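Notes follow the structure.
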Amino acid sequence: MTGLNETLLPEQLIKVRQTPVGIAGLGGLGSNVAWHLVRSGFLRLVLADFDRVEASNLNRQVYFPDQLGLLKTEALAENLLRINPDLDLKLWPVLVTPDNVQTIFGQCPIWVEGFDRTASKKMFVEEGLTAGKKVVGASGLAGWGDTDTIRTMHWGSGLSVVGDFCTDVAKDQPPFSPRVGVVAAKQANLVLAWVLNEGCDQQ
């Protein structure tokens with residue numbers, strides 16, 4: 001990752017390397033967000049997902065055929081460490097619930113939501129905001145077509161949400177890599193901007 005020394009000031013690189021980021025859900029959003037963050041210089045990631053890699057994941061998630069059946073936490077860690085072997089990864093192969101979310105992500109000033117289910121999204125956002133975290137979520141990323149409809153909305157509470165806010169995943173609107181990737185990239189870019197522009201207190 002020597003190229004980052006040429007693109008970021010030393011004090012910026014220190015901020016990025018020292019800030020822990022929590023990612024809940026390691027599917028199309030979470031795995032791609034992690035990929036972008038590591039390539040941006042982040043070293044400290046907390047990754048949580050109880051699921052395993054399936055063949056249907058390969059069209060939009062950062063996994064490979066030889067990883068089918070592996071826990072997503074394990075497979076994603078393997079792939080991220082190939083980018084930067086100096087990462088500090090904390091892996092939680094568990095279902096994230098109100099009972100464990102603070103234990104898992106409490107050390108992270110920034111939380112990234114990558115869940116499929118609305119109830120999980122709501123729980124994660126509420127728990128994060130209650131704990132005074134900055135939270136970035138997603139809403140509306142399915143299908144194909146105009147990516148200019150994907151935008152970011154911000155709330156003073158510390159919440160930002162990326163998406164088009166209308167195209168939920170459905171039988172006639174499956175998730176595809178391009179639009180999922182755009183949302184994930186915007187989520188990761190927002191995390192980077194928060195750290196570089198505002199700084200985030202270490203927990």
note = Burial-style ranking of 67-73, 17-23, average other-beta-carbon count within 10 Å with highest first, yields 17-23, 67-73
inquiry  = For the chain, set up a GNM with springs between Cα atoms under 10 Å and report which of Ala184, Ala34, Ala193 has the largest fluctuation.
reply    = Ala193
task = Rank-order 25-31, 4-10, 148-154 by packing density, defined as the average count of other C-beta atoms within 10 Å over each peptide's residues, highest first.
result = 25-31, 148-154, 4-10
inquiry  = In whole Hz and in residue order, list the ³J(HN,Hα) couplings for the range 85-94 that follow from phi through the Karplus curve 6.51 cos²θ - 1.76 cosθ + 1.60, θ = phi - 60°; x for Gly and Pro.
reply    = x, 9, 5, 10, 10, 10, 10, 10, x, 9
task = Quote the relative contact order of the chain in percent (integer), defining contacts as alpha-carbon pairs under 8 Å separated by 6+ residues.
result = 24 percent
task = Taking H placed 1.01 Å from N in the peptide plane, check which residues at least 5 places from Ala138 or on another chain put their amide H under 5 Å from its amide H.
result = Val162
query = Within straight cross-link reach of Lys15, meaning Cα distance under 20 Å, which lysines are found once same-chain residues fewer than 8 apart are removed?
reply = Lys90, Lys133, Lys134, Lys186
key: By average C-beta atoms within 10 angstrom, highest first, the peptides 86-95, 126-135   = 126-135, 86-95
request  = Can you send over the carbon and sulfur percentage of the accessible area for the chain, probe radius 1.4 Å, protein chains only?
outcome  = 52 percent
key: Simple Cβ-charge dipole of the chain, Lys/Arg +1 and Asp/Glu -1, about Cα centre, in debye nearest 20   = 100 debye
ask   = Roughly how many whole Å is it from the C-alpha centroid of the range 42-114 to that of the range 1-28?
value = 16 Å
task = Return the FRET efficiency for the residue pair Met153, Glu78: r is the Cβ-Cβ distance, R0 is 35 Å, and the value is rounded to the nearest 0.05.
result = 0.55
ask   = Per residue, what accessible area does the range 22-105 have, given a 1.4 Å probe and all protein chains present, in Å²?
value = 43 Å²
task = Let me have the 222 nm mean residue ellipticity of the chain computed from DSSP H runs of 4+ only, each contributing -39500 (n - 2.57), with the sum over all residues rounded to the nearest 500.
result = -10500 deg cm²/dmol
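The values are calculated or read from the model by the stated rules, or taken from the named source; none is laboratory data. What you see is a predicted model, and the numbers here were worked out from it, not measured in a lab. As a convention, Cβ positions derive from the backbone with ideal geometry for all residues, glycine included, and neighbour counts pool all protein chains shown. What goes into the accessible areas is simple: the full protein's heavy atoms, side chains included, and nothing from ligands, DNA or RNA. Shrake-Rupley method; radii C 1.70, N 1.55, O 1.52, S 1.80 Å.
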